[in-house]
Amino acid sequence: MGYHVDENDIMWVPQDTVREQIASVLAAWGMKQEHVSATAEVMVDADACGIDTHGISMLSPYDDRRRRNVITLDVDIKVVRETPTTALIDAGGGLGYVPSLLATKMCIDKAKTLGMAAVAVRESAHFGATGFYTRLMAAEGLIGIVTTNGSGPRTAPTFGKEGKLSTNPIAFAAPTKRHETFSLDMATTTVAAGKIRNKWNEGDRLPLGWANDADGNPSDDPEVYISRGGTQTPLGGSRELGGHKGYGLATMVEILSASFSGASLDTSPNHGNNKPGSMEIGHFFLAIDPTQFREAGAFEDSTDELIDYLHGTKPLDPDKPVMVAGEPENIVRAERETTGIPIPPGLRAQIQEIARQSNAAFLLV
């Protein structure tokens, strides 16, 4: 499969090439070679399943953060505290992918031995799509839960107009037998911040409800959020539409991610900019072995039964059957095995400039 460009000037690029492009830039920035391949793998997986906010498009914000010395590319990752069922990892101020893969492996190994395990990560930065790590746990027959706080307090609490929390995502995955893994991966905001960034990249307007201006009024201008003090809305939006529930979930994620690990709270003064070379972000990982509660296979049978029941829901549109979490991403993943990954013109121009300034190979040609 080669490149092709559609009528919207979107270039569709093979996954291997996107992976190589990401790796080329990361290596040029000075990331340790043993960390480059793992990081690129997680990033391209996000693009492969349609989470275009967390793949190659993240190179632009990463470039900005390294220039501002709020992330460190050449880091040593250390386990600073450990028990048979828990651990605390210090990510050294680097991107969160490699320490999160380590945390996931530790959770899997400990949970398989003792039934459940929890690992926290501190001194970290963005770690990609949260669901990547829970899917790894589910593939080993475990229930996985992962949370993270974020880089900037840009989400306003219910009734507020100041940003106090980040998008604070949470992921949950459960193993199955007959169906694909149940895989929920969601921001606790109305949309991921990257969706606003991607609209801004291409000069598009926002759907009303994604963001508010500095006075708390709905805005469809991504520039208002990017550089004029705007805020994101918590999941649900207004109080009348259940935004207080999204706000509560975001606070729960903050507690799990930061209070366990000792990471900086989103609400801390100058969050993410207090320590050179670190955004002080925290992650939380939990793995549970269902055989600690039921005989082997019984949990998966129950989950499959639930999915069958939900699939049987009469749809509003016969051409749009009811799905469960993870299935839309699985459909996109299968499609992009053939089509490749879409690179819009604005993003492609950004990657080209980043590669030029970093003396990295530019492969999206």
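The values are calculated or read from the model by the stated rules, or taken from the named source; none is laboratory data. As the structure is a prediction and not an experimental result, all values here were calculated from the model. Using ideal geometry, Cβ is built from the backbone for each residue, glycine included, and neighbour counts are taken over all protein chains shown.
Quick notes
- Test: residue in the range 275-291 that is assigned by TED's automatic domain parsing to the domain that holds Ile89 and at positive phi: yes
- Among the residues of this structure, Gly297 counts as one that is of a type outside the set (Lys, Arg) and at positive phi.
- Residues located in the range 241-288, provided they are polar (S, T, N, Q) and closer than 18 Å to Ala91 by Cα: Ser257, Ser259, Ser261, Ser264, Asn273, Asn274, Ser278
- Being modelled with pLDDT of 95 or more, assigned by TED's automatic domain parsing to the domain that holds Ala138 and part of a helix (DSSP H, G or I) is a description that does not apply to Ser57.
- Residues located in the range 70-129, provided they are surrounded by fewer than 23 Cβ atoms within 10 Å (Cβ to Cβ), assigned to a strand (DSSP E or B) and of a type outside the set (A, V, I, L, M, F, W, C): Lys78, Arg81, Glu82, Thr86, Asp90
- Qualifying residue in the range 131-147 (condition: over 27 Å from Gly297 (Cα atoms), crowded, with 21+ Cβ neighbours inside 10 Å and modelled with pLDDT of 95 or more): no
- Residue satisfying all of: in the range 226-250; of a type outside the set (Val, Ile, Thr) and in a loop (DSSP other than H, G, I, E, B); modelled with the lowest pLDDT among these: Arg228
- Lone qualifier among Glu223, Glu162 - being surrounded by fewer than 15 Cβ atoms within 10 Å (Cβ to Cβ) and outside any loop (DSSP other than H, G, I, E, B): Glu223
- Helices (runs of 4 or more DSSP H) contained in the range 272-365 and holding at least 1 residues of a type in the set (Gly, Ala, Ser) and either touching a His at 6+ places or on another chain (Cβ under 7 Å) or more than 28 Å from Gln15 (Cβ to Cβ) (or both): 298-311
- Selection from the range 203-220 of residues that are in a loop (DSSP other than H, G, I, E, B), touching a residue at least 40 places away in the same chain (Cβ under 8 Å) and within 24 Å of the chain's Cα centre (by Cα): Gly203
- Number of residues in the range 37-52 that are surrounded by fewer than 21 Cβ atoms within 10 Å (Cβ to Cβ) and either touching a Pro at 6+ places or on another chain (Cβ under 6 Å) or closer than 16 Å to Ala125 by Cα (or both): the value is 1.
- Inspection of the range 270-289 identifies no residue that is surrounded by fewer than 19 Cβ atoms within 10 Å (Cβ to Cβ) and at pLDDT 95 or above.
- Hits in the range 180-198 (condition: surrounded by fewer than 19 Cβ atoms within 10 Å (Cβ to Cβ) and assigned to a loop (DSSP other than H, G, I, E, B)): Glu180
- Figure legend. Inter-residue proximity from the range 108-124: first residues farther than 27 Å from Thr72 by Cβ, second residues in a strand (DSSP E or B) and β-branched (Val, Ile, Thr), beta-carbon distance below 6 Å, spacing 6+ or different chains. Indicated pairs: Met116/Ile288.
- Residues that are loosely packed, with under 14 Cβ neighbours inside 10 Å and either in the same structural domain as Gly282 (by TED's automatic domain parsing) or under 13 Å from Ser278 (Cα atoms) (or both), drawn from the range 60-69: Arg67, Arg68, Asn69
- Close pairs (8 angstrom Cβ cut-off, 6 or more residues apart or separate chains): on the phi > 0 side of the Ramachandran plot in the range 66-78, of a type outside the set (A, V, I, L, M, F, W, C) anywhere: Asn69/Pro276; Asn69/Gly277
- Against the conditions (1) buried (at least 16 other Cβ atoms within 10 Å of the Cβ); (2) within 23 Å of the chain's Cα centre (by Cα), Leu364 satisfies every one except (2).
- Of all the listed residues (Pro153, Pro169, Pro157), the sole one being more than 17 Å from the chain's Cα centre (by Cα) and touching a residue at least 40 places away in the same chain (Cβ under 8 Å) is Pro157.
- Leading residue by the ranking (nearest to the chain's Cα centre (by Cα)) among those in the range 21-54 that are outside any loop (DSSP other than H, G, I, E, B) and under 19 Å from Thr338 (Cβ atoms): Ala46
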